[in-house]
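One structure below.
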Amino acid sequence: MAPDIALGFLCALPFLACVLAFVFQARFQHGAFTLTGTVSGLLFVLTILLFPQVVEAGALVYRIGWIPELGLNLTIRMDGLAWLFCVLITFIGFLVVLYARYYMSPKDRIARFYALLLAFMGSMLGLVLAGNLIQLAIFWEMTSLVSFLLIGYWYHRSDARDGARMALIVTGMGGLALFVAMVLVGHIVGSYELDVVLASGSMLVESPLYPVTLVLFLLAAFTKSAQFPFQFWLPNAMTAPTPVSAYLHSATMVKAGVFLLTRFWPVMSDSELWFVIVTYGGLITLIFGAAAALFQRDLKGLLAYSTISHLGLITTLLGMGTPLAAVAAIFHIANHATFKASLFMAVGIIDHETGTRDVRKLSGLLKLMPFTGTFAIIASAAMAGVPLLNGFLSKEMFFTETAEFHPNVFVNYSLPIGATIAGMLSVAYSVKFVHGVFFGPPLAPGDKVPHEPPALMRRPMELLVILCLAVGIIPGITIGPFLAEAVTAVLGPEKPYYSLSVWHGFNLPLLMSVIALVGGVIIYIPYYRQLRDIDGIPFINRLRGQRIFERLLLNATNRWARDFIKIFGTQRLQPQIFIVVAFALAAGGFAGWARMGNLPLPSSFDPVLGLVWLLGGISAIAAAQQAKFHRLAAMILMGGAGLATCITFAWLSAPDLALTQLLAEIATTVLILLGLRWLPKRLPVADDLTAKVRFRRLRDVTLALLVGMGTALASYAIMTRTAPEGISDYFLKNAYSEGGGTNVVNVMLVDFRGFDTMGEITVLGVVALTVFGLLRRFRPAEDSVGRPEQQRLLDNVDGGQRVADDFLRIPALIMSWMFPVVIVIAVYMLLRGHDLPGGGFVAGIIMSLAFILQYLAHGTRWVEDRLRILPMQWIGWGLLLAMLTGLGAVVLGSPFLTSAFTYADLPLIGKVPMATALIFDLGVFALVVGATVLMLIALAHQSIRRPRPAGAARPRLREETTKWN
């Protein structure tokens, strides 16, 4: 497989499989495991096959043009470091999927779980393969969002919801800091491409913006990798299912922070500020995490704090700034992933078989679970740094680097002493894990006798432990070539010499290792009973980060928000709109007044157009006056103002805008008609409030006049500008030659600015779904509003029901006859839109009005039985069609949403213009139909009365719309 295709496959396949699992989750519960396992296994094999090409090329780069003028491209880049992380993500991901097959309960929503796992895998792969800074920041945030869903997977539990919220807030805050840091890095270097940044040398460090950039950069890395003082979120994330914890702690999420530090180490580490913050932030985290792990009763809590400690070890190494320290950090990243994933799987097996993770309730499991116990003991020994295991090698390299001479006396003593203390604590909590669970008296007999899990549930853990042994015994063969390539990607071809030998003779690092091993056992043995019962470091319990986070951030933020709402907030809609419009007016006036300049006076003015404007203004003023008395009359007058706007657009040679405005007026009128019934009755104004009411109305009128005048001036300034080569000239000259259409407005929407249109229709779809979500359970009491005036008149007539039926039969018949005609008009407007006024948006509104006419004529029940409309599917297919059109251009080697056109010679017809923009416009058409119909039908279900048995509960909108939803 070509490298370009393989890299694209690595990034896209997890998300495609995720969508497949989500879409068919109701029918895909049992097949989700097969799909996820196949995808992760395939990605792992593909990554392994790419290694020779990575070695040969140094870095494989696949670049897709996005906005090249701004330096924004979709760049997939795999070098040795990215390859190593891809192996960890896909290999451990495959093992986690296999493990979860036996861990997760059949009662869980398995398809949703595996879909989220695939999205998590894809987000991490996108992060480590990102070759563009903005792209890296986007995938960084995606890992936070998906991890939030995975941590809170059991959302019926309050602790899971709290842990997920905390993780999202902390890591999301870091994500915002990273985005700003990446923008600053791109500004300093002059490019957002990672290759350019890594080749910039000392440019970043010498920039005056370096301190600000570094602080933001480290805020992102420290929050994601749970470094002090942001370490508190990680233990609370243990509420996630154990397969998620195993994956999150070993190869994903928390490793993203140290990956970021490693990736930018060549260009950001050569400064004293980096050394102080990163080295000692990591050292504090290393010691604190190890001490906290020793005082945990929950096995997952113990492993969570041990993860914090080992991440601190990696961060300390990266902070030292020496090449050999960077080598040791990369080596320990791989080692920690293997033994930590296996330990979490072991804890999951213990919990699965015994029903508890509390070390006080566990004892003597080695006899009952000999295979699980043996492999868990080996993994714990690797975590403690016992010789002949992989953890020993990287910890030896860590001790070696801390023992190196430093001219600063404090640094020269603090680093080796701190490293030795942390090593002793690491051994102590590892011994606690092994002794407290697998040795001692056997468990008291209970309802469930622990036994070995199914063989395939153990295999992932066993395979990882075997790798710990293999790397610890023969590191040069097992990991040597891969580590060398990852080191080359960070340090360049002139990397320092380092040795992976198991034995380096008697030296200071070996003495530190012996002290750590012996000292850890000595710490644990005298106090093992107290350490078993205690939960948390006694003198730090009151200073827990979780409590500080909740009190200072959440509670304070909520209090400030409540105070802000008391001052500026209101439950009435009018004051909210007034505040928004006033701020918009102030911002627009401040930004535009200085640039307005001397506007030229109009050379001529048509009195007929002036008369149209006068009538429109009178209609608007009259609508405001009638709103106090008769809302229906006010709505009709508003239509007069809208009609004046339509005539103005047509008069000024903007037929597309006139057509769109006219159809929007019709749709809005129907929308208001359906909602009028539920508006509350107007209450008479008390005499003592008249002055306040008059002041409010005068204030609103003044604001409306200022906004209207400002909009008119801005429009006039734009239309009278004299730029010789403005953007309008460009569109006029190139609409036909570049876009294949003579309707410049439509060519702009579907070609030149197709990406903007893509975003706009996405927003429209989201708005429609939001309206539906708000209205689907909304049922105001019918006696809280008056019955429509027309219905009351009919009730006063003898035989009112018969009169009503006769009255409605004629328009219903006319609407039925109009239905096919309106559809033909919609299709006609869609097909002619590229050359004449029309297009997907206009055609979509016309089509939706055809459907709404049937609802108004026959009622919702008749239409649901005879004319099945599926607006959500219209929205989905519209978005998919628009997206596929853009991706088709990418596949053919052009930027996203690039259109192509030609003339097809059809028999009996002749030459017919054919443009791919029509397919995109068809997607716009489908989405507009779905969104408009969904919103209007949601209101129609509220407003149209339907007879139902006396005493029967009113059905929810969701139940009523199962046929069209």
**Study point:** Hits in the stretch 691-708 - residues which are surrounded by 11 or more Cβ atoms within 10 Å (Cβ to Cβ) and of a type outside the set (Lys, Arg)
**Key:** Val693, Asp700, Val701, Leu703, Ala704, Leu706, Val707, Gly708
Check your understanding: For Pro14, are the conditions met, namely being closer than 21 Å to Gln135 by Cβ and assigned to a helix (DSSP H, G or I)?
Key -> yes
Review point. Got at least one residue in the stretch 447-456 being out of contact with any Ser or Thr (no Cβ under 7 Å at 6 or more places or on another chain), β-branched (Val, Ile, Thr) and either closer than 22 Å to Val471 by Cβ or at pLDDT below 90 (or both)?
Key: yes
Study note, to complete from the structure: Residue pairs qualifying under the 7 Å Cβ cut-off, at least six apart or on distinct chains, with the first in the stretch 20-36 being at pLDDT 75 or above and buried (at least 18 other Cβ atoms within 10 Å of the Cβ) and the second being assigned to a loop (DSSP other than H, G, I, E, B) and aromatic (Phe, Trp, Tyr), are Ala21/Phe28
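What helices (runs of 4 or more DSSP H), lying completely within the stretch 105-214, carry at least 2 residues that are of a type in the set (S, T, N, Q) and either in contact with a Leu (Cβ under 8 Å, 6 or more places away or on another chain) or at pLDDT 90 or above (or both)?
Fully inside the stretch 105-214 and qualifying: 133-151.
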Exercise for review: List every residue pair whose Cβ atoms lie under 7 Å apart, where the two residues are 6 or more positions apart in sequence or sit on different chains, the first residue falls within the stretch 428-442 and is assigned by TED's automatic domain parsing to the domain that holds Leu366, and the second residue, located anywhere, is of a type in the set (Lys, Arg).
Suggested key: Gly436/Arg532; Pro442/Lys367
Review point. If we scan the stretch 91-112, do we find a residue that is surrounded by fewer than 24 Cβ atoms within 10 Å (Cβ to Cβ), free of Cβ contacts under 8 Å to residues at least 40 places away in the same chain, of a type in the set (S, T, N, Q) and in contact with a helix residue (DSSP H, G or I) (Cβ under 9 Å, 6 or more places away or on another chain)?
Key: no
Review point. Exactly one of (1) at pLDDT 80 or above; (2) surrounded by 15 or more Cβ atoms within 10 Å (Cβ to Cβ); (3) out of contact with any Asp or Glu (no Cβ under 9 Å at 6 or more places or on another chain) is unmet by Thr645. Its number?
Key: (3)
Review point. Residue check: is Gly190 without any contact (Cβ under 8 Å) to a residue 12 or more places away in the chain, surrounded by fewer than 20 Cβ atoms within 10 Å (Cβ to Cβ), farther than 14 Å from Ile138 by Cβ and over 18 Å from the mean Cα position of the chain (by Cα)?
Key: yes
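Whether any residue in the stretch 73-84 is touching a residue at least 24 places away in the same chain (Cβ under 8 Å) and within 19 Å of the chain's Cα centre (by Cα) is what I want to check.
Scanning the stretch 73-84, I find at least one residue that is touching a residue at least 24 places away in the same chain (Cβ under 8 Å) and within 19 Å of the chain's Cα centre (by Cα), so the answer is yes.
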Exercise for review: Pick out the one residue from Gly312, Gly281 that is crowded, with 24+ Cβ neighbours inside 10 Å and either under 21 Å from the mean Cα position of the chain (by Cα) or assigned by TED's automatic domain parsing to the domain that holds Ile421 (or both).
Suggested key: Gly312
Review point. What do you reckon, is Phe482 assigned to a loop (DSSP other than H, G, I, E, B) and not small (Gly, Ala, Ser)?
Key: no
Exercise for review: Please work out which residue is farthest from Trp83 (Cα to Cα), limiting yourself to the stretch 127-177 and to residues that are over 15 Å from the mean Cα position of the chain (by Cα) and polar (S, T, N, Q).
Suggested key: Ser158
Review point. Taking into account only those residues within the stretch 469-493 that are more than 13 Å from Phe331 (Cβ to Cβ) and touching a Leu at 6+ places or on another chain (Cβ under 6 Å), which is surrounded by the most Cβ atoms within 10 Å (Cβ to Cβ)?
Key: Ala489
Review point. Within the set of pairs 6 or more residues apart or between chains, which connect a residue that is touching a residue at least 24 places away in the same chain (Cβ under 8 Å) inside the stretch 727-739 to a residue that is hydrophobic (A, V, I, L, M, F, W, C) with Cβ atoms less than 6 Å apart?
Key: Gly739/Val747
Practice item. Would you check which residues across the stretch 476-501 are more than 39 Å from the chain's Cα centre (by Cα) and under 18 Å from Glu401 (Cβ atoms) and list them? Key: Pro496, Tyr497, Tyr498, Ser499, Leu500, Ser501
Revision key, fill the gap. Asp921 passes all but one of the listed conditions (1) buried (at least 24 other Cβ atoms within 10 Å of the Cβ); (2) among the charged types (D, E, K, R); (3) not in a helix (DSSP H, G or I); the exception is number (3)
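Let me confirm something: among Met818, Met883, which residue is in contact (Cβ under 8 Å) with a residue 12 or more places away in the chain, farther than 28 Å from Ala735 by Cβ and either surrounded by fewer than 20 Cβ atoms within 10 Å (Cβ to Cβ) or outside the structural domain of Gly773 (by TED's automatic domain parsing) (or both)?
Only one candidate qualifies: Met818.
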Practice item. Test Gly440 against the stated conditions and say whether it is surrounded by 15 or more Cβ atoms within 10 Å (Cβ to Cβ), modelled with pLDDT under 90, among the small types (Gly, Ala, Ser) and part of a loop (DSSP other than H, G, I, E, B). Key: yes
Practice item. Could you check how many residues of the stretch 209-237 are surrounded by fewer than 24 Cβ atoms within 10 Å (Cβ to Cβ) and of a type in the set (A, V, I, L, M)? Key: 6
Practice item. Could you tell me which numbered condition Ala926 fails, if it satisfies all but one of (1) buried (at least 16 other Cβ atoms within 10 Å of the Cβ); (2) more than 30 Å from the chain's Cα centre (by Cα)? Key: (2)
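Matching residues to (1) among the hydrophobic types (A, V, I, L, M, F, W, C); (2) at pLDDT below 75:
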{"site": "Ser513", "(1), (2)": "no, no"}
{"site": "Phe539", "(1), (2)": "yes, yes"}
{"site": "Leu543", "(1), (2)": "yes, yes"}
{"site": "Asn555", "(1), (2)": "no, yes"}
{"site": "Ser603", "(1), (2)": "no, yes"}
Point to revise | Residue selected from the stretch 56-104 under the condition part of a helix (DSSP H, G or I) and β-branched (Val, Ile, Thr), by the criterion nearest to Phe139 (Cα to Cα) | key: Ile89
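The values are calculated or read from the model by the stated rules, or taken from the named source; none is laboratory data. Because the structure is a prediction, the values reported are computed rather than measured. Cβ coordinates were reconstructed from backbone atoms using ideal geometry, including for glycine residues, and neighbour counts include every protein chain displayed.
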